[in-house]
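**Q** Attaching a single structure in structure tokens format; questions to follow.
The values are calculated or read from the model by the stated rules, or taken from the named source; none is laboratory data. Fair warning: this is a prediction, and the values are worked out from it, not measured in the lab. In this analysis, Cβ positions are derived from the backbone assuming ideal geometry, glycine residues included, and neighbour counts consider all displayed protein chains. With ligands, DNA and RNA removed, areas are computed over all heavy atoms of the protein, side chains included. Shrake-Rupley method; radii C 1.70, N 1.55, O 1.52, S 1.80 Å.
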Amino acid sequence: MEKMEQASQPETWFDGNKVNDVLFCEDFLAGHPMKCIHGTFFDVNGAIGDAEQIKAEIYYKIAPYVTSGIAKKASTLLDALRIRCYSPPIPYQTDRIHVANGTYFLSGDFSSQKEFCMNRLPVRYAPDAPEPSQWLSFVGQLLEPEDITTLQEFMGYVLQPTTKGQKMMIVIGKGGEGKSRIGRVLRAFQTASR
């Protein structure tokens, strides 16, 4: 039904015979602000993991107007979109951490404004969040109190998109104590920020 409504109101990018690639890209980006860096699409929420999802959206948008070769046209428009929203890599900002609901500044300030970045973490900043008692209990059983502070500092370095700290951490102990869990948490931060 949505397609029928679209078809009854011609889009500016369709001249009655064919889709104008330039106008289509402008219209698409007006509704979906994006940048394309190294072939990957980014919006203010971070990397858009699947270009096929964008291609499918293009397909359904043009389906009421294109009667043949629609898959090829969707691919062509996706390529045109990559070129239209091309951006050189966005410089990493070392004074802030981009989170799902905004930006946390290392000064302690928080802004709900989002900006394009290549390293947004999929966690929400919550200033009134309760203490992570389960995590603190876990590290309290694994490490000495002064080592917990060192671990926290090291994990802070992991959140920054730079190697400025040039730190390395080795946790030594017997097997089955939970050391690998720290590695899994750190790896999750790295994976999420890409």
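**Q** Determine the dipole magnitude for the chain: charges of +1 sit on the beta-carbon of Lys and Arg, -1 on that of Asp and Glu, nothing else is charged, the reference point is the Cα centre, and the result goes in debye to the nearest 20.
**A** Details: 21 positive and 22 negative charges, 129 e Å.
The calculation lands at about 620 debye.
**Q** So what is the 222 nm mean residue ellipticity for the chain from helices alone, if each DSSP H run of at least 4 adds -39500 (n - 2.57) and you divide by all residues, rounding to the nearest 500 deg cm²/dmol? All intermediate terms of the calculation are to be shown ahead of the outcome.
**A** Working: 7 runs with 84 residues, N = 194.
It comes out at -13500 deg cm²/dmol, rounded to the nearest 500.
**Q** To the nearest 10 Å², what's TYR86's accessible area with a 1.4 Å probe?
**A** Estimated to the nearest 10 Å², TYR86 gives 150 Å².
**Q** A further question on this structure: For a 31 Å ceiling on Cα separation, which of these pairs sit above it: LYS35/LYS61; LYS55/LYS179; LYS35/LYS179? Before the final figure, lay out the partial values.
**A** Working: LYS35/LYS61 20 Å; LYS55/LYS179 42 Å; LYS35/LYS179 39 Å.
Those over the limit are LYS55/LYS179; LYS35/LYS179.
**Q** Once label points are set 7 Å from the Cα along Cα→Cβ at both THR67 and TYR86, what is their separation, rounded to one decimal in nm?
**A** With each label placed 7 Å out from Cα toward Cβ, I get 3.6 nm.
**Q** Turning to a different aspect of this structure: Got a number for carbon plus sulfur as a percent of segment 1-145's accessible area, 1.4 Å probe?
**A** Working: 4790 of 9030 Å².
About 53 percent, which is the carbon plus sulfur part of the accessible surface.
**Q** I would also like to ask the following. Positive end of the charge dipole of segment 59-179 (Lys, Arg +1 and Asp, Glu -1 on Cβ, about the Cα centre): tell me which of ASN119, GLY175, TYR65 has its Cα farthest that way.
**A** Checking the options against the dipole of segment 59-179, the answer is TYR65.
**Q** Quick one: work out Rg over Rh on the C-alpha atoms of the chain, Rh as Kirkwood radius. List each step's numbers first, then the result.
**A** Details: Rg = 22.9 Å, Rh = 20.2 Å.
Result: Rg/Rh = 1.13.
**Q** Accessible area per residue, 1.4 Å probe, Å², for segment 1-137: what's the number? Could you put the intermediate results ahead of the total?
**A** Details: 8510 Å² over 137 residues.
Per residue, segment 1-137 has an accessible area of 62 Å².
**Q** Starting from the Cα-Cα distance between GLU115 and LEU136, subtract it from 0.36 nm times their residue separation and give me the gain in nm to one decimal. Walk me through the intermediate numbers first.
**A** Details: separation 21, 0.36 × 21 = 7.56 nm, distance 3.21 nm.
The span from GLU115 to LEU136 would gain 4.4 nm if fully extended.
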